[in-house]
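Please treat every number below as a calculation from the coordinates, not as lab data. Remember, predicted model here, so these are calculated numbers, not experimental data. Here the Cβ positions follow ideal geometry from the backbone for every residue, glycine too, while neighbour counts run over all protein chains shown.
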Amino acid sequence: MNRTALRALLRERRELIAPEAHGLSRPTGRGRRARGLSQQQVDELTCRAVDTYNRLETGRYLHPPADYLRQVARLFGLNEQEWVSLCRYAGIGDPPGPLHPTSGLEVPGVWQEAVDGIRHMAYITDASWNLLAHNRRFAEMYPGGRPPANTMRWMLLDHAARDTTLVDWRTVWAPLILPQLRAAIAARGEDATLRRIEAEVRADPDLGPLWEAGGAHIHPDGDERPLHHALLGPGHVTICAAQPLTAPGSRLIIMLFRPGLQKAHPRAPMLRAGTP
């Protein structure tokens, strides 16, 4: 827990909230000079016992539950980055999921220009794997140069992906992709797109048993997998995965393609700063 940072964040944001906006009167009385909501009003609006919020703001509430932190964060109008900071300052680590259900569904438009400037295949999807941005090299991977609207649905359910593009789909690709879908649903249980894909996966005779078997591989960062490129033929891709910070759950994927039937090289060593 970082009590100093926690107190500063909460107090600053609490003082920006007008009580009148929530049907409350502005507190008055001797010594009352603070702006915004009082601590007691926060307890009232979050339906908590008196002194609950004071314990949180002063750092006396050890290991506060995530649902309470979410209440406070939404009341104070925090953004996703501030939500992460709140959870870390309060001592519970990274949040269990996004602050708002709609978070992760859009990224700043400048990302398209950034993706265009990458010389390898590159694309960005939102938290539901809907394609938001991609470069020309990524489009060329597909027959006719037409990438799919949703990359998760394409990887799992498109027959061209299974039979042609994603080489060794049953043994290499599908067992590593399904845990990603499962982890996303665990974090975003109300996401209608993810739930529809899950239903299609469960009903699929090939994927259903794999889905029930589970798996723990939840991201592709650093993986090398066989792939048949529509223009360049068979080869392998090394996958680099990252996330735009303003959109939790979204992902930037860069795919380094190397032609050939054999793997290009052993896993590259980890990058690490030298000792100063």
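Spacing of the modelled spin labels on Glu44 and Ile118, each 7 Å from Cα toward Cβ, amounts to 5.0 nm. Compactness ratio for the stretch 110-259: Cα radius of gyration over 2.2 N^0.38 Å (N = residue count) comes to 0.99. Each Lys or Arg adds one and each Asp or Glu subtracts one; over the other residues with Cβ under 15 Å from the Cβ of Ala139, this totals +2. Ordered by the number of other Cβ atoms lying within 10 Å of each residue's own Cβ, fewest first, Cys87, Cys47 fall into the sequence Cys47, Cys87. Semi-axes of the equivalent ellipsoid for the stretch 169-246, computed as √(5λ) from the eigenvalues of its C-alpha gyration tensor and ordered from largest down, come to 23, 18, 12 Å. Computed over the chain, the alpha-carbon pair-distance distribution with 10 angstrom bins reads 6, 23, 26, 20, 14, 8, 2, 0, each value a whole percent.
Within the listed set Ala216, Ala133, Ala161, the residue fluctuating most in the Gaussian network model of the chain (springs between alpha-carbon atoms under 10 angstrom) is Ala216. Other residues whose C-beta falls under 9 angstrom from the C-beta of Thr58 contribute a net charge of +3, scoring Lys and Arg +1 and Asp and Glu -1.
Candidate membrane-span-like segments in the chain, meaning DSSP H helices with Cα atoms spread over at least 18 Å of their own axis and a Kyte-Doolittle mean of 0.0 or above, are 174-187, with no membrane implied.
Taking Rh as the Kirkwood radius, which is the inverse of the mean 1/r over Cα pairs, what is the Rg/Rh value for the stretch 3-92?
0.94
Using a Gaussian network model of the chain in which every pair of alpha carbons under 10 angstrom is joined by a spring, one finds that among Pro108, Pro148, Pro220 the greatest mean-square fluctuation is at Pro108.
With θ taken as phi - 60° and the Karplus curve 6.51 cos²θ - 1.76 cosθ + 1.60 applied, the whole-hertz 3J(HN,Hα) list for the stretch 53-58 is 5, 4, 5, 5, 5, 8 Hz, x standing for glycine and proline.
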